[in-house]
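The values are calculated or read from the model by the stated rules, or taken from the named source; none is laboratory data. Just so it is clear, the model here is predicted, and its values are computed rather than measured. Using ideal geometry, Cβ is built from the backbone for each residue, glycine included, and neighbour counts are taken over all protein chains shown.
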């Protein structure tokens, strides 16, 4: 299931959280989820939206067991995605994204196809469908 990309978004694979993050997925949600639309989850990923990448608490991620190289910057454990400009703040082999959605390379073919379909849609068409009650900018899980 693709996650809807906020202005900036912290994205972490669930498998990484299960194996490396002290307290696992439940603790990550306590630490980062704020009970808003910016909290996102699918079968493979957790994501949290931000207005500025500097707002991501990288110290807490590191304290809980995730790796981050400050001098690069780089991490194989998580990535920060941008809706505008450079989409990924560092290279990431496990994430695919377009301007609207991000998804794990292991996402189902159906979900990948739907994300690509929406990503290629003219924005006026997206607005038209949203006016009819279809929120194409939300995360989805098919």
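What are the residues in segment 76-100 that are part of a strand (DSSP E or B), touching a helix residue (DSSP H, G or I) at 6+ places or on another chain (Cβ under 8 Å) and within 18 Å of residue 115 (Cα to Cα), if any?
82, 96
Would you pick out the residues in segment 58-67 that are assigned to a loop (DSSP other than H, G, I, E, B) and under 17 Å from the mean Cα position of the chain (by Cα)?
66
If residue 70 satisfies every condition in (1) in contact with a helix residue (DSSP H, G or I) (Cβ under 9 Å, 6 or more places away or on another chain); (2) surrounded by 14 or more Cβ atoms within 10 Å (Cβ to Cβ); (3) at pLDDT below 95 but one, which is the exception?
(2)
Among 74, 32, which is more than 13 Å from residue 3 (Cβ to Cβ) and touching a strand residue (DSSP E or B) at 6+ places or on another chain (Cβ under 9 Å)? Give the steps one after another, and end with the answer.
Numbers: 74 fails: touching a strand residue (DSSP E or B) at 6+ places or on another chain (Cβ under 9 Å).
Exactly one of 74, 32 is more than 13 Å from residue 3 (Cβ to Cβ) and touching a strand residue (DSSP E or B) at 6+ places or on another chain (Cβ under 9 Å), namely 32.
Say whether the condition of being surrounded by 18 or more Cβ atoms within 10 Å (Cβ to Cβ), out of contact with any helix residue (DSSP H, G or I) (no Cβ under 6 Å at 6 or more places or on another chain) and touching a residue at least 60 places away in the same chain (Cβ under 8 Å) is met by at least one residue in segment 18-40. Step through it out loud before you land on a result.
Narrowing segment 18-40 to residues surrounded by 18 or more Cβ atoms within 10 Å (Cβ to Cβ): 21, 28, 32, 38, 40.
Now drop any that are not out of contact with any helix residue (DSSP H, G or I) (no Cβ under 6 Å at 6 or more places or on another chain), which leaves 32, 38, 40.
Still in the list and also touching a residue at least 60 places away in the same chain (Cβ under 8 Å): 40.
Yes, the conditions are met somewhere in segment 18-40.
Give me the pairs, please: first residue somewhere in segment 63-82 and free of Cβ contacts under 8 Å to residues at least 40 places away in the same chain, second residue anywhere and surrounded by 16 or more Cβ atoms within 10 Å (Cβ to Cβ) and not in a loop (DSSP other than H, G, I, E, B), beta-carbon distance under 6 Å, and either six or more positions apart or on two chains.
68/58
Kindly establish whether residue 51 is surrounded by fewer than 14 Cβ atoms within 10 Å (Cβ to Cβ) and out of contact with any helix residue (DSSP H, G or I) (no Cβ under 9 Å at 6 or more places or on another chain).
So residue 51 passes the test.
If I go through segment 1-44 residue by residue, how many of them are at pLDDT 95 or above and not in a helix (DSSP H, G or I)?
Summing the residues that are at pLDDT 95 or above and not in a helix (DSSP H, G or I) in segment 1-44 gives 8.
Can you find a residue in segment 48-57 that is assigned to a strand (DSSP E or B), within 9 Å of the chain's Cα centre (by Cα) and modelled with pLDDT of 90 or more?
Looking through segment 48-57, at least one residue is assigned to a strand (DSSP E or B), within 9 Å of the chain's Cα centre (by Cα) and modelled with pLDDT of 90 or more.
Any idea which of (1) more than 25 Å from residue 53 (Cα to Cα); (2) without any contact (Cβ under 8 Å) to a residue 12 or more places away in the chain; (3) surrounded by fewer than 12 Cβ atoms within 10 Å (Cβ to Cβ) is the one residue 129 doesn't satisfy?
Among (1) more than 25 Å from residue 53 (Cα to Cα); (2) without any contact (Cβ under 8 Å) to a residue 12 or more places away in the chain; (3) surrounded by fewer than 12 Cβ atoms within 10 Å (Cβ to Cβ), residue 129 violates only (3).
In segment 102-142, which residues are touching a helix residue (DSSP H, G or I) at 6+ places or on another chain (Cβ under 9 Å), under 19 Å from residue 40 (Cα atoms), outside any loop (DSSP other than H, G, I, E, B) and modelled with pLDDT under 85?
Correct list: 118 only.
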